[in-house]
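Scroll down for the structure; my scribbles are underneath it.
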Amino acid sequence: MIGDIVAEVADELDVADIRRRARQLADDLGFRSAKSYRLATIVSELAHNLHFHAAAGRTIRLTPVELSGRVGIEVVSSDTGPGIADVALAMSDGYSTNRGLGAGLPGVARLADDFHISSELGVGTTVVARLWR
């Protein structure tokens, strides 16, 4: 199977690059176009969050996965930033700390087939999203 893709997210060019690489990985694994776009949107939203909210350790990892004959891609977004004070609030539609639409994390959760977020103040945040072919 194809190997992992790991990218540091320092600026908006990195966001565009990892989004492009996610689409390519999905295409290489035989994802249909609609699922490929879903993956690209998930990656883009998570990478933008890293760029705008995390001060350090801003990494996106794309991993091809296989489980019981299903093929998918796992996206792990992690940082060593400030953490999220109230994860439930951050997951509610319309909530934003930077005057955005507040659709990023809730949108990722809706687009992903599997979604998990963990965060600790002063330690950082990790988001895991999976999309199955």
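Any read-out appearing in this document is the output of simple, stated calculations on the displayed coordinates, not a laboratory observation. This structure is a prediction, so every number in the text was calculated from the model and none was measured. With ideal geometry, Cβ positions are generated from the backbone for all residues, glycine too; neighbour counts draw on all protein chains shown.
Observations, loosely collected:
- Among 127-133, 73-79, the peptide with the highest mean count of other Cβ atoms within 10 Å heads the list, and the full ranking is 73-79, 127-133.
- For the chain, the dipole from Cβ point charges (+1 on Lys and Arg, -1 on Asp and Glu) about the Cα centre works out to 460 debye, to the nearest 20.
- Acute angle (nearest 10 degrees) that the helix 33-53 long axis makes with the longest principal axis of the chain, alpha-carbon atoms: 30 degrees
- Within a Gaussian network of the chain (alpha carbon springs, distance under 10 Å), most fluctuating of ALA40, ALA22, ALA55: ALA55
- FRET efficiency for GLU8 and ARG32, using Cβ-Cβ distance with R0 set to 25 Å, rounded to 0.05: 0.25
- Principal-axis tilt of helix 12-28 within the chain, Cα atoms, nearest 10 degrees: 30 degrees
- Taking the Kirkwood radius as Rh and the Cα radius of gyration as Rg, the stretch 5-132 has a ratio of Rg/Rh equal to 0.95.
- For SER92 and HIS51, a Förster radius of 22 Å and the Cβ-Cβ distance give a FRET efficiency of 0.50, rounded to the nearest 0.05.
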